[in-house]
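Here is the structure we will look at.
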Amino acid sequence: MSRAAKVVERIAVDELTKRQADKELARLSQEIARHDKLYHQQDAPEISDAAYDALRQRLKAIEARFPELVTLDSPSMRVAPAPSAGFAKVRHARPMLSLDNAFADDEVTGFLERVRRFLEREIALEADTEIALTCEPKIDGLSLSIRYENGELVRAATRGDGSEGEDVTANVRTLADVPKTLKGRAPAVLEVRGEVYMRRADFVALNERQAAAGEKTFANPRNGAAGSLRQLDATITAGRPLRFFAYAWGEAEPRAWDTQHEFLKRLTQWGFQVNPETKLCRTVDAVLALYRDIGARRASLPYDIDGVVYKVDRVDWQAILGFVSRSPRWAIAHKFPAEKAQTLLNGIAIQVGRTGAMTPVAELEPINVGGVLVARATLHNADEIERLDVRVGDTVTIQRAGDVIPQVLGVVMERRPRGTKPFHFPEKCPCDLKTAVVREEDGVVRRCSGGLECPYQQVERLRHFVSRQSFDIEGLGWTHIENFWRDGLLKQPVDLFRLRRDDLRKRVGWGDQSADKLIAAIDARRAIALDRFINALGIPSIGEATAKALAREYGDAQAWFEAMRAAGAERTAKPDATKKEKAVAEIGVEFGRLCNVQDIGVTTADKIVAFFGEGHNETIIRELLGEITIEPFRAAAVAADSPFSGKVMVFTGTLQAMSRDAAEAKAESLGAKVTGSVSKKTDFVVVGADAGSKAKKAAELGVRILSEEEWLAMAGG
Ligand code: D41
């Protein structure tokens with residue numbers, strides 16, 4: 001700071017001359033902008049919050065005295081960005097509609113017939129009038145609405161529930177495909193809608209970078225795009241290879257186009273990217289031929305698509321057709337079927353999970369399935385291998401549908417080479433201990449009996465411990481855990497809280513900053529909610545939902561520990577009862593109480609008390625309690641008057657508006673009980689994209705099925 005500035009600063013606001021005030025405002029603006037940047041973008045503030053507030057207060061006081069000196073770019077005109085409170089909500093001026101799906105050709109024919117009949121009835125369309133359709137590849141990304149006023153980008157929002165999305169303006173401004181200013185003449189107000197996506201090659205490269213840095217990798221380009229866009233720090237988004245195809249408008253004032261294809265042309269003139277595969281088709285035959293052509297070239301396109309969208313080209317007809325619930329009558333998405341492919345089975349590997357469950361995994365000659373390189377597929381379990389008679393060296397048919405793990409459907413018997421041998425499930429764990437494999441009495445699962453000693457289980461348990469639903473340690477990736485485990489830094493959960501900055505910063509690829517960041521992320525989790533803590537323990541059969549039910553029932557950690565010990569003692573005294581009613585009535589109060597918790601029966605109750613009966617588990621918990629505090633369970637306020645109150649719900653398939661986790665949490669907050677499988681007791685099944693057997697089962701049982709849109713509407717957005 002210069003001497004002169006210092007002198008000015010000492011002058012009370014009341015005594016400043018206008019000239020001095022002008023100078024002082026310029027200086028303050030600059031200072032505030034510099035500190036904003038240090039704080040928000042570099043995470044490296046130089047002054048205390050109080051000192052920063054003092055700068056802003058002085059600026060405001062001077063501006064109040066000399067309003068004529070307030071400039072448009074004064075810090076007082078900007079709202080300081082919230083550091084990490086998530087994204088602000090934005091209401092779309094026009095709702096973002098969803099699309100109906102067609103899978104078979106006759107559903108497309110049916111769609112066109114409905115359109116024709118509707119127009120014949122409403123505007124006496126003549127029978128031989130052509131209804132032209134714009135056909136656009138359906139990009140598998142995430143939809144966005146970008147608002148321009150007088151040609152300037154003012155706001156960008158995610159689709160959200162269609163009515164309200166999240167403000168991602170700062171992030172969207174970093175996309176090269178999105179013009180900040182529209183080229184040429186532009187409407188006074190224009191909302192451009194389209195899809196943010198990532199090219200497959202860019203996605204693979206991003207994942208490689210992420211993995212090398214020990215950061216989270218993404219399952220597919222769509223998740224990569226979503227994860228990259230939804231960054232609170234827009235500088236991270238700026239470094240990600242995001243692209244944008246524009247395809248629709250929301251509010252448009254004035255609208256100077258009469259057809260969709262004309263609008264697409266305008267988009268390119270304004271500076272947007274429009275998918276080059278888009279075609280105008282005049283007959284059903286032309287539409288279906290295009291669908292097959294694009295389908296055949298699907299894998300060689302540089303980005304993922306999951307169908308072709310057909311739109312009635314004329315805007316006046318679109319307006320007459322209108323929409324039903326939230327889908328336009330004038331558009332439909334013709335989806336591609338789940339992709340299948342044949343490839344060579346090079347080997348069968350055995351994966352060991354945190355509870356020792358062993359899953360056979362097919363190691364495949366890598367093959368492109370619907371645009372994604374598949375090198376592994378699940379074989380589910382030993383029985384499945386036997387049923388399919390899959391042998392190493394076989395050519396197998398695999399299938400990939402949406403987000404689900406690819407699976408082996410069967411063997412191409414004609415192509416079986418000579419000399420193959422039936423697969424024998426190993427009798428020893430693949431870990432160094434070579435412990436025996438046991439087959440569970442009641443099922444098909446085989447387990448390594450090594451328990452806590454098995455290195456695979458140790459690593460998996462640690463991964464579970466830090467995972468998002470458990471301790472949720474930010475920035476501690478899977479590769480880190482394996483490396484820390486190998487180097488002896490992390491063997492038991494408690495070691496996490498004993499990691500020292502010095503152990504980290506000395507590691508290859510680490511420095512002071514990354515070490516501090518991880519230590520801070522760990523410290524941030526030294527207080528944890530009871531349900532997360534229970535989940536983190538990784539008790540067999542206890543997942544997120546059951547952990548929550550237990551937390552709700554017992555309230556705080558001490559009460560839960562004591563109840564579990566008492567239940568264990570009761571069970572040891574009466575080990576025979578296995579029927580629930582009998583167990584509840586006869587074994588004892590605490591064991592009975594445990595059996596009555598949601599989703600828990602005698603088998604699960606036994607697993608819980610067995611867990612507490614193991615001395616080393618008691619030790620693990622005791623040590624953890626020396627490092628962390630467990631917060632009592634706080635029930636989310638439950639709305640008693642919601643349509644889901646007291647109902648049993650299942651979510652299946654991929655949801656668009658929110659993650660499955662978030663949707664389930666929302667349902668619970670509305671008083672629903674969320675379960676994983678469909679039965680006669682289920683009240684609602686919410687079906688997202690690519691839903692499989694659960695949706696089918698719901699239909700068979702006559703359970704009420706809700707689309708994502710219906711669910712959102714009933715849940716109040
Ligand atoms: O490529 C796409 N994913 C795409 C999505 C597209 N080319 N056009 C679309 N058009 C619409 C309407 C007709 C409603 C304006 C869409 C979507 N909607 C859409 N994407 C996700 C939900 C709806």
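Is it true that some residue in region 334-350 is within 16 Å of the ligand (Cβ to nearest atom), assigned to a strand (DSSP E or B) and touching a Gly at 6+ places or on another chain (Cβ under 6 Å)?
The initial filter retains those residues of region 334-350 that are within 16 Å of the ligand (Cβ to nearest atom), namely 334-336.
Of the ones still in play, those that are also assigned to a strand (DSSP E or B) are 334-335.
Among the residues that remain, those that are also touching a Gly at 6+ places or on another chain (Cβ under 6 Å) are: 334-335.
Yes: region 334-350 contains one or more residues that are within 16 Å of the ligand (Cβ to nearest atom), assigned to a strand (DSSP E or B) and touching a Gly at 6+ places or on another chain (Cβ under 6 Å).
Here are some conditions: (1) away from the ligand (no atom under 15 Å from the Cβ); (2) charged (D, E, K, R); (3) modelled with pLDDT of 95 or more. R230 meets all but one. Which one does it not meet?
(3)
When you check A64 against the structure, is it more than 16 Å from the ligand (Cβ to nearest atom) and in contact with a strand residue (DSSP E or B) (Cβ under 9 Å, 6 or more places away or on another chain), yes or no? Give the derivation first.
Details: more than 16 Å from the ligand (Cβ to nearest atom): yes; in contact with a strand residue (DSSP E or B) (Cβ under 9 Å, 6 or more places away or on another chain): no.
The answer is no for A64.
Would you say E384 is away from the ligand (no atom under 16 Å from the Cβ), out of contact with any Lys or Arg (no Cβ under 7 Å at 6 or more places or on another chain), over 21 Å from E427 (Cβ atoms) and among the charged types (D, E, K, R)?
Numbers: away from the ligand (no atom under 16 Å from the Cβ): yes; out of contact with any Lys or Arg (no Cβ under 7 Å at 6 or more places or on another chain): yes; over 21 Å from E427 (Cβ atoms): no; among the charged types (D, E, K, R): yes.
No.
Tell me the strands (runs of 3 or more DSSP E) entirely within region 604-714 that contain at least 1 residues that are free of Cβ contacts under 8 Å to residues at least 40 places away in the same chain and not acidic (D, E).
Working: elements: 629-631, 648-652, 684-687, 704-707.
In region 604-714, the matching strands (runs of 3 or more DSSP E) lie at 648-652, 684-687, 704-707.
Considering only region 690-706, state which residues are surrounded by fewer than 17 Cβ atoms within 10 Å (Cβ to Cβ) and either hydroxyl-bearing (S, T, Y) or under 18 Å from the mean Cα position of the chain (by Cα) (or both).
D690, S693
Need pairs with beta-carbon distance below 7 Å; first residue at negative phi and within 14 Å of the ligand (Cβ to nearest atom) and within region 132-157, second of a type in the set (G, A, S) and not in a strand (DSSP E or B); sequence gap 6+ or separate chains.
Qualifying pairs under 7 Å: G141/A225; L142/A225; L142/A226.
Which one is surrounded by the most Cβ atoms within 10 Å (Cβ to Cβ), of the residues in region 274-298 that are part of a strand (DSSP E or B) and of a type outside the set (D, E, K, R)? Let's see the steps before the verdict.
Taking region 274-298 first, the residues part of a strand (DSSP E or B) are 279-281.
Pick out the ones that are also of a type outside the set (D, E, K, R) and you get 280-281.
Working: L280: 15, C281: 20.
Of everything passing the filter in region 274-298, C281 is surrounded by the most Cβ atoms within 10 Å (Cβ to Cβ).
Give region 299-314 a look and list any residue that's hydrophobic (A, V, I, L, M, F, W, C) and surrounded by 19 or more Cβ atoms within 10 Å (Cβ to Cβ), or say none.
Initially, region 299-314 is screened for residues hydrophobic (A, V, I, L, M, F, W, C), giving 299, 301, 305, 308-309, 312.
Hits for region 299-314 are I305, V308, V309, V312.
Return the residues of region 162-201 that are buried (at least 20 other Cβ atoms within 10 Å of the Cβ), among the acidic types (D, E) and within 29 Å of G475 (Cα to Cα); say none if nothing qualifies.
E195
Going by the conditions given, is Y303 in a loop (DSSP other than H, G, I, E, B) and within 12 Å of the ligand (Cβ to nearest atom)?
Details: in a loop (DSSP other than H, G, I, E, B): yes; within 12 Å of the ligand (Cβ to nearest atom): yes.
So Y303 passes the test.
Would you pick out the residues in region 244-272 that are over 24 Å from V108 (Cβ atoms), within 12 Å of the ligand (Cβ to nearest atom) and either touching a residue at least 60 places away in the same chain (Cβ under 8 Å) or small (G, A, S) (or both)? Explain how you work it out, then say what you get.
Going residue by residue through region 244-272, those that are over 24 Å from V108 (Cβ atoms) are 244, 246, 249-258, 265-272.
Now narrow it down to the ones that are within 12 Å of the ligand (Cβ to nearest atom): 244, 246, 249-250, 267.
Within region 244-272, F244, A246, G250, L267 meet the criteria.
Restrict the check to region 443-453 and report whether at least one residue is outside any loop (DSSP other than H, G, I, E, B), farther than 25 Å from I528 by Cβ and of a type in the set (A, V, I, L, M, F, W, C).
Within region 443-453, the first condition is being outside any loop (DSSP other than H, G, I, E, B), and the residues that meet it are 446-448, 451-453.
Filter once more, keeping what is farther than 25 Å from I528 by Cβ: 446-448, 453.
From what's left, of a type in the set (A, V, I, L, M, F, W, C): 448.
Yes; the residues of region 443-453 include at least one that is outside any loop (DSSP other than H, G, I, E, B), farther than 25 Å from I528 by Cβ and of a type in the set (A, V, I, L, M, F, W, C).
The values are calculated or read from the model by the stated rules, or taken from the named source; none is laboratory data. These numbers were taken from a predicted model, which means no experiment stands behind them. Backbone-built Cβ (ideal geometry, glycine too); neighbour counts: all protein chains shown.
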